[in-house]
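Asker: Let me give you the structure first, and then I'll get to my questions.
Just so you know, all these numbers are worked out from the coordinates, no wet-lab data involved. Keep in mind it's a predicted model, so treat the numbers as computed, not measured. Here the Cβ positions follow ideal geometry from the backbone for every residue, glycine too, while neighbour counts run over all protein chains shown.
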Amino acid sequence: ILNVEQSPQSLHVQEGDSTNFTCSFPSSNFYALHWYRWETAKSPEALFVMTLNGDEKKKGRISATLNTKEGYSYLYIKGSQPEDSATYLCAFISTGNQFYFGTGTSLTVIP
Amino acid sequence: DTEVTQTPKHLVMGMTNKKSLKCEQHMGHRAMYWYKQKAKKPPELMFVYSYEKLSINESVPSRFSPECPNSSLLNLHLHALQPEDSALYLCASSQEGFPFETEAFFGQGTRLTVV
């Protein structure tokens, strides 16, 4: 079993604040990293699929970066809104098709 | 249609029962997945079907038996489960046949309770 750690475990921010959190994964045998947002009582929703070292992806106010050499990815949310409240999961995929979700970061945006 | 539909939403079964979970997508996706999520833990991959063939089985006990009757349907047959198998079972699909190549679309899950 591989270690895919996310930090912090939970986070409370005020509406309008920008925030970021981290996904750490093994730096060897990297194939891809996925980011998902999972709101309570809904399905996980894909945010990004990242495959190349140095990748930067953006969707609206959310962006992500990837460093495969050191084994981490950052997710940034600019100007957090209450609707951003969710659990954010990264998923590491190895070249051997091993797939592991991270431990998740629970974000609460306070109006 | 960008939905993955799972039925039933909730299921309570006894340890001697046989039941099936169903998953359906009409997006033309060629890879389909089953995950299991226990409370306060991240989902764990169970099975992957690629082009209707089982391509990944994460050493799941044989009391869980997946089936892919066609490219739109994925079933998970359950038999002689244990209470510790109680969990949320999530189905997902992705466009490319090679697993994890593209983003996955998830269903809302089946909440299974084994009594």
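Asker: Residue B:109's amide H: which non-local residues (gap 5+, or another chain) put their own amide H closer than 5 Å, with H modeled 1.01 Å from N in plane and none for Pro or chain starts?
Answerer: Under 5 Å from the amide H of residue B:109 lie the amide H atoms of B:6, B:91, each far enough along the sequence or on another chain.
Asker: So for the pair residue A:18, residue B:84, with labels modelled 7 Å out along Cα→Cβ, what separation do we get in nm?
Answerer: 4.7
Asker: What shape does the protein assembly as shown take by its C-alpha gyration tensor, where a ≥ b ≥ c are the square roots of the eigenvalues and a/c under 1.5 counts as rounded, a/b above b/c as prolate, and the rest as oblate?
Answerer: Prolate, since a/c reaches 1.5 and a/b exceeds b/c.
Asker: What is chain B's relative contact order, in percent, from Cα pairs under 8 angstrom and six or more apart in sequence?
Answerer: Once divided by the residue count of chain B, the mean separation gives 37 percent.
Asker: Sort A:17, B:85 so the one with the fewest other Cβ atoms within 10 Å of its own Cβ comes first.
Answerer: So the residues, fewest neighbours to most, are A:17, B:85.
Asker: My understanding is that a pair violates if its Cα-Cα distance is over 20 Å; which of B:9/B:53; B:22/B:53; A:57/A:78; A:58/B:38; A:59/B:40 do that in this structure?
Answerer: B:9/B:53; A:58/B:38; A:59/B:40
Asker: If you take each beta carbon of peptide B:38-46 and count the beta carbons of other chains within 10 angstrom, what is the mean?
Answerer: If you average over the peptide's residues, the count of other-chain Cβ atoms is 4.
Asker: With θ set to phi - 60°, apply the Karplus curve 6.51 cos²θ - 1.76 cosθ + 1.60 along the range A:7-16 and write out the HN-Hα couplings as whole Hz, x wherever there is a Gly or Pro.
Answerer: 9, x, 6, 8, 8, 10, 10, 7, 3, x
Asker: Provide B:74, B:11, A:66 in ascending order of the number of other Cβ atoms located within 10 Å of each residue's Cβ, fewest first.
Answerer: Result, fewest neighbours first: B:11, A:66, B:74.
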